[in-house]
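Structure first, then comments.
The values are calculated or read from the model by the stated rules, or taken from the named source; none is laboratory data. As the structure is a computational prediction, the values presented were derived from the model and not from experiment. Don't worry about glycine lacking a Cβ; one is built from the backbone with ideal geometry, like all the others, and counts go over all protein chains shown. With ligands, DNA and RNA removed, areas are computed over all heavy atoms of the protein, side chains included. Shrake-Rupley method; radii C 1.70, N 1.55, O 1.52, S 1.80 Å.
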Amino acid sequence: MKRFTTFLALLIVLALLVSACAVPVAAPAAAPAGEPAAADGAAPAAEPVSIVFYQRGYVEGGTDAGSVNTAKAIEVFEQNNPTIDVQIVGIPWTAEGDTKLETALAAGSDINVFRVTSPNLPRYAKQGVLSEITPYLTDEDKADFYESAFQVATVDGKVWAWPLWVTAISIFANTDIFAERGVELPTLEKPWTWDEFVAAAKELTFVRDDGTEVSGFTASSKWGAVEYYPLMYIDGGRILSADGKQFVQNQPEGVSSLDKLASLALEHKVTPPDFGTVDQATVRSQFLEQKSVAMLMSTPGFVPEIEKAALPFAVLAPPIGDLGKLVTNGAFGLFAVVDVEDKAKEAAAHELAKYLTGSQVATDVAGWQLAPGLRRSNTSYATTPAREIIAKLVESGVYEAPVAVSAELGSRYGAALQSIILGEQTAQEAMDELAPDYQAELDALNQ
Amino acid sequence: MMAKPIPLRRRVARFWHRHKWSYFFIAPSMILFFLFIGYPVFHAFLLAFQKVSLRQSEWVGLKNFQDIFTSRLFLDSMWHTLVYAVCVVAAWIISSLAVAAFLQPMTNRVQSLFRGAFYLPYVTSIIVISLVWIYIFQPQYGFFNYLLGLVGLPRVLWLQDPDIALFSLILSTILIVPGTGVVLYSASIGSIPRELYEAAEVEGATAWHKWVSITVPLLKPTTLYLMVIYTIAGFQVFERVYIMTGGGPINRTTTIVQLIYMTAFSDFNFGRASAQALVLFAIIATISFVQFRFLSTDVEY
Amino acid sequence: MSSAPIARPTTVAASRQWGARLRRILVRVFIYCGLIAAAAVSLFPLYWLFVTAVTPASATLKLPPQLIPTNPTLDNITNLIQISGIGKLSIAGLQAIQMPRLLLWFVNTLLIGLISTGIHVLFDTMAGYAFAKRKFPGSNLFFWMILAALMIPGQVTLVPLYLMITKFKLVNTFAGVLLPGLADVIGIFLLKQYIQTMPGELEEAARIDGASEWQTFARIIVPLAAPGMAVTAIFAFQRYWNAFLWPLVVLQNPDLFTVQVGLSYLYNSEFGTNYGLMMSGAALASIPMIIFFFAFQRYFMQGLRVGAIKG
């Protein structure tokens, strides 16, 4: 009996081994990234080509803004390019949506273009699955895009995705509370210095007669949705050097701005008690419904909500620090093209991505521009004074190079930020602790 | 006297005759299992010994395991998950058993109602439940701090304080009586034949005595099932923690499955993720083995 | 002595009797209160979910949360129906019927859920019976393999499974969603434990009477295992109903989506999550599950009756 059982077990293992070896771990890999001799370059394909486009938040036949806009844009594109047929696959805007995309990539399914955000771009670039856009950029394009637009997608001089827009972070101010406390609003021409900002925040932190607490400032701080990033750059510090090869946030400029950030919570006490760990939905509710926060640093996506709630507000630039000029930060929306064997498909995919990130599409599709565009010729975002200010901030953006550090290191970095704000460590301690490991990973990537 | 050796053909025939029905009964499940679970798991098992990314793979032997055990975050996650699982399993078994016991003497109607009340929360998605708890724990307006304020106690930073975040997560899990346990224990307690109790009563047993010497031992199969299932669920906790704290603050609540998910779908390091999964599996399997040792009996009513 | 009024407890024994009865009542009340409190705590998230579902979107994230809806409205739900668009239901060649997508998703999920649950219960009871009552070579081995598979988190088997489905050309089909789900073995463990507790004499008796194996199974085991089967049905249905990651990865055609998958597209946008819509969707999605639960609940009652028959 026992011998039979072991025999059975061995048989099963053998069967599995045989079938496992017959199937490669991943589907046969496409040609390695690089320009094959018979490339089509930028000319559109002459014979019919069909490409697959993974778009976020798209539901075929859906009536929400995102689906309608995408469908219209693709319709116009196909009209202008009759030889290209685009099949759209929708994925939701959640981490599971990422998983769906990545599972398809890992399994070698057909994907030609997909929507990606700047935090996620580095990983895809590192894996070698993307197709470089630089050969498809005309001189006109290069002059049209802001310089900072490519910062986020450039590795070693090569650009790996088409930039669509950037969620330039700014401060939203509740003008009612400002008026109530007699605090003057700064303007874009005459923005606040750091000290002026802190003084104002202190004035705006008080307890109402009915006991509700109002705080001067807050921002989403949960790792993965950190929106106080601009404050880390106001003294000239940054996380990585411009070429992405050195970890520099433990330098004086980096540390001083982190100290400033922490001081808001620890020294000046102008933030609510959950600052440092609070999520985006909660801070937006605090600003909009509770009105328990006078200033919220957040992304342009919040503007339609504030307008819908009819809350009187103003857009302020982040305060100026030791650097002496305006800075902002934000996440990019981009379109990435997958490197595939069929070069005709790749070229067609680049055409689509170029169209979707051009200035023409905003006129073809009403309501397309949901965040400030990255081309000088694209002015369709600035439809209200508030949006105009945000659009003007884009140029002052400081963005990190796309470096794919491990998820573990990323989460340790987030933990370090939290420990600084919560007062568990000083900024210098936290960054010094992180520096050796961070640098080690960077070095390994740059070999 | 030597018995004549039985020819192979007859041995096979006898084997088949004796066992063919058993195999027939398990065939549908086992075929599906091997196809859709066995094979992918085996595949994943092989991945643990390779360095795998989106476009390539190569064999690296035990390197993935080496990397795992030298990673601070992995060891911390293991610890958090262990603490969480142990507390939750114990609390869940005790609370569901207690509730099922208290429900027992009541009428069918009342039992039905209570059972529904305890099971229904599990039909909502875990995302919703986690969001509700975030609000309950909110420092300024949350329900818990509101209660504390009523009795004059200072407010607690439930999910923001690195030292108590894990405890808050455990609290949020165990405060809700597990519907699965209540439902199962109810069904099982209900199946115990009356006569056993009647016989005990004749001999003058008290309620407590009946409980301890009849009910609890006869519930061993159910208890074993729940213990194993809860242990697996406890060790595989992910969404709940991820939504409420994202693994923070300061990575003090990161769980093992969260790490696996990040390694697989953020780093595309499928090999290392598989290795992590294997380590997790080894731990759960060991614990289950011990549970089976203690609780497995051939109990028949 | 005999002419004293009867009502008053005059002896120590009688007063102790009163005391004991009072104690019993107090204990009873205490238990009831405890149970009601525990139930209230457990039900709170569900209650809050339904309240939020009918709260107008702007008031959703109010802190402190409103416990009683002040302006109940069905706007959220009509909104959901609207933005999901219109889809076409077509089953294996039958004429395509047009209906609001949201409803279509419910139909899809119901189909998948019911078919899967039905097959599941049948296969799992068969296997559970074999593992519980029959001795055959490899039974321990297979059982441990099944159990071991439960311990591997699904994240690492996702890609291998997807690769397999791609090879079978089952991507973006119902079968692709159904089949791997059918392999879920949690029911086998449950039914094994449950059937194990049934006395073996019943089977013996049936066999002596000349019943075939299948008849023994169908006529004796199944009726007695009904409560266990009902529990498995509920658990299984719930897993299919709330399944999210796998259907999301496999399905691409919105007309084939299940409820959870479809909803996730609607309330998430690049700029954040619309919690009002999400809660409404979740509330709607939980209703069939609740109905299913109450429908199958009464089979537990059989457990009590079984006890009376035996012996």
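The table below gives the values:
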read-out	value
Within the stretch C:148-165, tally of residues that are more than 7 Å from chain B (Cβ to nearest Cβ) and in contact (Cβ under 8 Å) with a residue 24 or more places away in the chain	4
Helices (runs of 4 or more DSSP H) lying entirely in the stretch A:351-447 (those with 2 or more residues that are farther than 30 Å from B:ALA273 by Cα and open to solvent by 60 Å² or more (accessible area, probe 1.4 Å))	A:360-364, A:385-393, A:427-445
Test for C:PRO227: is it farther than 22 Å from B:THR124 by Cα and either within 7 Å of chain B (Cβ to nearest Cβ) or hydroxyl-bearing (Ser, Thr, Tyr) (or both)	yes
Criterion violated by B:ALA91 - all others in (1) more than 21 Å from C:GLY34 (Cα to Cα); (2) surrounded by fewer than 23 Cβ atoms within 10 Å (Cβ to Cβ); (3) modelled with pLDDT of 80 or more satisfied	(1)
Condition broken by A:GLN290, with the remaining ones in (1) open to solvent by less than 20 Å² (accessible area, probe 1.4 Å); (2) facing chain C (nearest Cβ under 10 Å); (3) within 18 Å of A:PHE217 (Cβ to Cβ) satisfied	(1)
Enumerated helices (runs of 4 or more DSSP H) restricted to the stretch A:81-152, each holding at least 1 residues that are out of contact with any strand residue (DSSP E or B) (no Cβ under 7 Å at 6 or more places or on another chain) and either in the same structural domain as A:GLY301 (by TED's automatic domain parsing) or under 24 Å from A:GLU341 (Cα atoms) (or both)	A:95-106, A:121-127
Every residue from the stretch A:105-143 that is surrounded by fewer than 18 Cβ atoms within 10 Å (Cβ to Cβ) and away from every other protein chain (no Cβ under 14 Å)	A:THR134, A:PRO135, A:THR138, A:ASP139, A:GLU140, A:ASP141, A:LYS142, A:ALA143
Enumeration of residues in the stretch B:136-172 that are more than 12 Å from chain C (Cβ to nearest Cβ), assigned to a loop (DSSP other than H, G, I, E, B) and crowded, with 17+ Cβ neighbours inside 10 Å	B:LEU157, B:TRP158, B:LEU159, B:GLN160, B:PRO162
Residue in the stretch C:243-259 that is farther than 17 Å from C:ALA175 by Cα and either within 10 Å of chain A (Cβ to nearest Cβ) or not hydroxyl-bearing (Ser, Thr, Tyr) (or both) present	no
Test: residue in the stretch B:249-260 that is open to solvent by 20 Å² or more (accessible area, probe 1.4 Å) and part of a helix (DSSP H, G or I)	no
Unmet requirement for A:ALA362, which otherwise passes all of (1) modelled with pLDDT of 90 or more; (2) in contact with a Ser or Thr (Cβ under 8 Å, 6 or more places away or on another chain)	(1)
Given (1) open to solvent by 40 Å² or more (accessible area, probe 1.4 Å); (2) at pLDDT 75 or above, number of the condition C:SER2 does not satisfy	(2)
Of residues in the stretch A:293-311 being assigned to a helix (DSSP H, G or I) and under 23 Å from the mean Cα position of the chain (by Cα), the one farthest from the other protein chains (Cβ to nearest Cβ)	A:ILE306
Within the stretch A:50-69, considering residues that are more than 10 Å from chain C (Cβ to nearest Cβ) and open to solvent by less than 10 Å² (accessible area, probe 1.4 Å), the one farthest from C:ILE83 (Cα to Cα)	A:ILE51
Identity of the residue in the stretch B:199-224, facing another protein chain (nearest Cβ under 8 Å) and open to solvent by 10 Å² or more (accessible area, probe 1.4 Å), that ends up nearest to A:GLY224 (Cα to Cα)	B:THR222
Among the residues listed as A:ALA314, A:ALA242, A:ALA281, the single one being touching a residue at least 60 places away in the same chain (Cβ under 8 Å), among the small types (Gly, Ala, Ser) and not in a loop (DSSP other than H, G, I, E, B)	A:ALA314
Hits in the stretch B:181-219 (condition: under 17 Å from B:ALA98 (Cβ atoms) and among the charged types (D, E, K, R))	B:LYS210
Among (1) of a type outside the set (S, T, N, Q); (2) open to solvent by 80 Å² or more (accessible area, probe 1.4 Å); (3) in a strand (DSSP E or B) - the single one A:ILE171 does not satisfy	(2)
Residue ID - nearest to the other protein chains (Cβ to nearest Cβ), chosen from residues in the stretch A:411-432 that are among the charged types (D, E, K, R) and touching a residue at least 12 places away in the same chain (Cβ under 8 Å)	A:ARG412
Number of positions in the stretch B:236-253 that are away from chain A (no Cβ under 11 Å) and aliphatic (A, V, I, L, M)	2
Breaking point among (1) under 25 Å from B:MET227 (Cα atoms); (2) in contact with a Phe, Trp or Tyr (Cβ under 9 Å, 6 or more places away or on another chain); (3) part of a helix (DSSP H, G or I), for C:PRO160	(1)
Output for the stretch C:184-205, where each listed residue is crowded, with 23+ Cβ neighbours inside 10 Å, of a type in the set (A, V, I, L, M, F, W, C) and facing another protein chain (nearest Cβ under 7 Å)	C:VAL185, C:ILE188, C:LEU190
Subset tally (residues that are within 7 Å of chain C (Cβ to nearest Cβ) and either open to solvent by 20 Å² or more (accessible area, probe 1.4 Å) or in contact with a Gly (Cβ under 8 Å, 6 or more places away or on another chain) (or both)) for the stretch B:123-135	2
Subset of the stretch A:80-100 (residues that are more than 21 Å from A:TYR355 (Cβ to Cβ) and either in contact (Cβ under 8 Å) with a residue 24 or more places away in the chain or more than 7 Å from every other protein chain (Cβ to nearest Cβ) (or both))	A:PRO92, A:TRP93, A:ALA95, A:GLY97
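So that you can scan it fast, the table gives a plain yes or no per residue for (1) in contact with a His (Cβ under 6 Å, 6 or more places away or on another chain); (2) within 21 Å of A:VAL166 (Cβ to Cβ); (3) in a helix (DSSP H, G or I); (4) modelled with pLDDT of 90 or more:
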position	(1), (2), (3), (4)
A:PHE217	no, no, no, yes
A:LEU231	no, yes, yes, yes
A:ASP259	no, no, yes, yes
A:SER263	no, no, yes, yes
A:HIS268	no, no, no, yes
